[in-house]
Structure formats: C-alpha cells, structure tokens
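Here is the structure we will look at, set down as structure tokens.
The values are calculated or read from the model by the stated rules, or taken from the named source; none is laboratory data. Every value quoted in this text rests on a predicted model; they were computed, and no experiment measured them. Neighbour counts are summed over all protein chains in view; Cβ atoms, including those assigned to glycine, are modelled from backbone coordinates with ideal geometry.
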C-alpha cells in the first residue's frame, strides 16, 4: 500500500508565477461582495476572492466586439497628416517671406483641400 504524502498538494506545471493586484473603491467592493454572496461565499474569508475572480475571468470567452481595434495604422496616418501640415506651413511662411505682398489665400485653400482628402481617406480605411 502506497503511503500518501501529507501537506500541500503539489502544483507541478500549474504553478502560478504571475501576480496581478487589484484595488477596488467602495462601490466596486460592494458589487464584488454581492457577487460573492450570490455564490454563498464570504468575501472576508481567506482564499475566496482569487479563485472566484479567476473562474469569472478565465471561463468567459471574449467577443470580437469587446476587443479594441488596432490603431497603429490610424496613428501612422495622423502622423503623416501632421508632417504634411508642417510642410505646407513651412512653404507658406517661405513664400510670405520671399514676397510679403503675395496672397496666401490660394495656398491655404490648397492645404485645406489636401487635408480634407487625407481625412476622407483615413475615415474610409477605418470603416
């Protein structure tokens, strides 16, 4: 007959190395207490909250709509728009310094038209 080992059960590969600390305000803590009571658990007992939260978080599958969209392409486009604006402003200042009597309205209208095209392209890519 095998002799059974005493003490804590060995976790092996299931050992948990990563810690996540949560802090709750009063209303969130009350909500958590109500959830615990619905499972007939006491929130003040040691070793109750971690397994409950682990079960609630890991047993649910996230839906596609809950995930945040990838915004790296949008950030790239906005950065490029900013670069274009800076180039247009530099050009406008340069033309204004070269001939102070020149009319910048035409340049400003061109810049606005280009910006509108860039914004429309960016909006179309996001949808």
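Going through the range 7-39 one residue at a time, which ones are part of a helix (DSSP H, G or I) and loosely packed, with under 10 Cβ neighbours inside 10 Å? 12, 13, 14, 26, 27, 38, listed by residue number.
Checked against (1) at positive phi; (2) at pLDDT 80 or above, residue 28 meets all criteria but (1).
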